[in-house]
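Here is the structure we will look at.
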Amino acid sequence: MATRIAPLFVQIANGSNSSSGADVSIVGAGLGSMSIPPGYPTVGKVLRLTARGQYSTVAVPGNLTVKVNLGLGLMVSTLAQALPASRTNQYWKFECLLTYRTIGVGGSILPHGEFFHMQTAGSTGNPTVWTAFRTAVTGVDTTAANLLDLLTNFDTAGNSITCTELVLEALN
C-alpha cells in the first residue's frame with residue numbers, strides 16, 4: 001500500500017512580486033503552515049516545496065533571482081539570470097528538496113532546487129532550467145521554529161511574477 005503524503009501547507013491565494021531591487025516573498029495565504037516547528041525534523045526527513053505560476057517581462061527585463069530561505073538562513077538561490085523580453089503570462093515551476101542531515105542547534109540541511117520556465121512566447125518549446133543548489137550542507141537550528149519562504153528579486157522595474165500554486169510536503 002502506498003504511503004499518503006500529507007501537505008504541511010497548501011497555498012489558496014496568489015502571492016506575487018512586481019517590485020525590483022529587493023527579495024520579496026511570493027507565498028500567498030494558505031492552509032497549514034510554512035513554519036517548521038521545533039523538533040519536527042529528524043535525520044533523513046525530506047521536505048519538498050513545489051510552486052507554479054506565471055511571469056511577465058518588459059522590453060528590457062534584466063535578471064531574476066529565485067531563493068528559498070529557512071529561518072534566518074539562505075538555503076538555495078539561482079544566480080541572477082537573464083529573462084526573455086516582452087513576455088506575458090509565461091509558465092514557471094520551482095521545486096526544491098530539503099534533506100535534514102543532522103538535527104539540533106547545529107543541525108544541517110542539504111538543499112537542491114530547480115526553476116523551470118518557458119522562454120518562448122506561448123506554451124511551446126522546451127523550458128529553460130536554472131539550478132539552485134549547494135555542494136555542502138547548510139546550517140539550521142532544528143530546536144527553533146523556522147519559517148520556509150520562497151522569494152524572488154528582479155533587478156529591473158516593470159517585471160512581475162505570480163505564484164498561483166504552492167505546496168510544502170514532508171516526503172517521509
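The values are calculated or read from the model by the stated rules, or taken from the named source; none is laboratory data. What you see is a predicted model, and the numbers here were worked out from it, not measured in a lab. Backbone-built Cβ (ideal geometry, glycine too); neighbour counts: all protein chains shown.
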Do we have any residue at all in region 21-34 that's hydroxyl-bearing (Ser, Thr, Tyr), within 27 Å of residue 154 (Cβ to Cβ) and in contact with a Gly (Cβ under 8 Å, 6 or more places away or on another chain)? yes
Taking the criterion of being among the β-branched types (Val, Ile, Thr) and within 14 Å of residue 67 (Cα to Cα), would at least one residue in region 113-136 satisfy it? yes
Considering every residue within region 1-20, establish whether at least one is surrounded by fewer than 21 Cβ atoms within 10 Å (Cβ to Cβ), closer than 25 Å to residue 170 by Cα and of a type in the set (D, E, K, R). yes
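Name the single residue, out of those in region 63-76 being in contact with a Ser or Thr (Cβ under 7 Å, 6 or more places away or on another chain) and at pLDDT below 95, that is nearest to residue 6 (Cα to Cα).
75
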Can you say whether residue 53 is assigned to a loop (DSSP other than H, G, I, E, B) and of a type outside the set (Lys, Arg), as far as the supplied structure shows? no
Given the options 72, 31, name the one that is surrounded by fewer than 16 Cβ atoms within 10 Å (Cβ to Cβ), without any contact (Cβ under 8 Å) to a residue 12 or more places away in the chain and of a type in the set (A, V, I, L, M). 72
Could you name every one of the strands (runs of 3 or more DSSP E) located completely within region 78-172 that has at least 2 residues being among the hydroxyl-bearing types (Ser, Thr, Tyr)? 90-102, 128-133, 160-170
Counting just the residues of region 134-154 that are buried (at least 18 other Cβ atoms within 10 Å of the Cβ) and of a type in the set (Ser, Thr, Tyr), which one comes out nearest to residue 19 (Cα to Cα)? 152
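Output yes when any residue across region 90-108 is among the hydroxyl-bearing types (Ser, Thr, Tyr) and within 23 Å of residue 22 (Cα to Cα), and no when none is.
yes
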What is the residue count in region 77-108 for residues that are aliphatic (A, V, I, L, M) and within 15 Å of residue 149 (Cα to Cα)? 2
What are the residue pairs meeting all of these: first residue in region 101-114, first residue farther than 13 Å from residue 73 by Cβ and surrounded by fewer than 17 Cβ atoms within 10 Å (Cβ to Cβ), second residue among the charged types (D, E, K, R) and at pLDDT 95 or above, Cβ atoms under 6 Å, and 6 or more apart or on different chains? 105/141
Taking only region 17-48 into account, find how many residues are of a type in the set (Asp, Glu) and either farther than 14 Å from residue 75 by Cβ or modelled with pLDDT under 95 (or both). 0
Out of curiosity, is residue 41 exposed (fewer than 15 other Cβ atoms within 10 Å of the Cβ), of a type outside the set (D, E, K, R) and either in contact (Cβ under 8 Å) with a residue 12 or more places away in the chain or closer than 16 Å to residue 132 by Cβ (or both)? no
If residue 118 meets every condition in (1) over 16 Å from residue 49 (Cβ atoms); (2) at pLDDT 90 or above; (3) surrounded by 15 or more Cβ atoms within 10 Å (Cβ to Cβ) apart from one, which number is that one? (2)
